Amino acid sequence: MDTLINAKDMTINERVRYLRKKILKITQLELGEVCGVGGTAIAKLEKGGSTVTKRNIKTICNEFNVSYDWLANGIGDIFIKNNNSIRERIKFLRTSELKMTQIEFGKRLGSAGSTVVGWEKGDRTPPEATIRLICNEFKVNYNWLTDGDGDIFIENNNSIELLRKDYDLEDNEVRAIKAFLNLNKVERKVLVYYLEKAFGKDGQ
C-alpha cells in the first residue's frame, strides 16, 4: 500500500477524510466543489454523519485517479498506477504526483480546466507545444510523458552549470544546450547528424 495505515480498519468516511487531508492536502471546501456539494456536507460526511454514495466514490476516484477498491473497501494501493496512454499519464501526473485539480493544472499551462478534462478523457489530443510546456513547467521527462519510458521527473542537477564554468560558456550557449536536451531522441539524432556533416564527426 501507499501508506503504513491499515485502510481496512477504517470506515469509508474515514478513508475519505484521510485521502483529503493527508494525501491530497486539500480543504473540505475544495473536495466539496469536486463532488458538487458544500464544504459543510464534506465535514458531515467525514464525521460519519452522512453516507458516502456510489456517485461520491466514482467522482473522487475519477477526479483524483484513486483506486475504487481502496476507497470503497480499503484494499490495495490508494492510486491507480496504470498509465499506458498519454491521457492516463497526464491524469496520473496531475493527480498522483502534482496533487492539482484540473483547473489548477490548466492555469499553469494557460489552458482551461475543460481542456484538461478533454485531454484526460481522450476527447482531445494535447498538441506538441503543450506537451513540451508540461515538461518545462513541471520538470517532467519528455520520454515518459510521450512514451512512458524512464523516470517521471528530470533530476535537478548542476551538470550544465559545471559545463558553463569549465568551458566559459555564454548565456546563449547554455540556452542552446538546454534546448538540445529538451528535444526528443529522434530530434537530437537529426540535429547531431547535420552538425557532424557540417563540422565532421571529430568536431573539427
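Every read-out reported here was derived from the displayed coordinates using simple, explicitly stated rules and does not represent laboratory data. Every value quoted in this text rests on a predicted model; they were computed, and no experiment measured them. Cβ coordinates were reconstructed from backbone atoms using ideal geometry, including for glycine residues, and neighbour counts include every protein chain displayed.
Assorted remarks:
- Interchain or long-range residues, amide H under 5 Å from SER67's placed H: PHE79, ILE80
- A cut-off under 14 angstrom between Cβ atoms defines the neighbours of GLY122, and their net charge, with Lys, Arg +1 and Asp, Glu -1, is +2.
- Cross-link table LYS54/LYS121; LYS25/LYS107; LYS107/LYS189, entries beyond 22 Å C-alpha to C-alpha: LYS107/LYS189
- Using only side-chain charges placed at the Cβ, +1 for Lys and Arg and -1 for Asp and Glu, the dipole size of region 159-199 relative to its Cα centre rounds to 300 debye.
- Measuring max minus min along each principal axis, the C-alpha atoms of region 159-199 give extents of 28, 22, 15 Å (largest first).
- Helix-only mean residue ellipticity at 222 nm for the chain, each DSSP H run of n ≥ 4 adding -39500 (n - 2.57), per residue, nearest 500: -16000 deg cm²/dmol
- According to the Cα-based calculation, Rg over Rh for region 1-117 is 0.96, with Rh computed by the Kirkwood formula.
- Per principal axis, descending, Cα span of the chain in whole Å: 76, 35, 27
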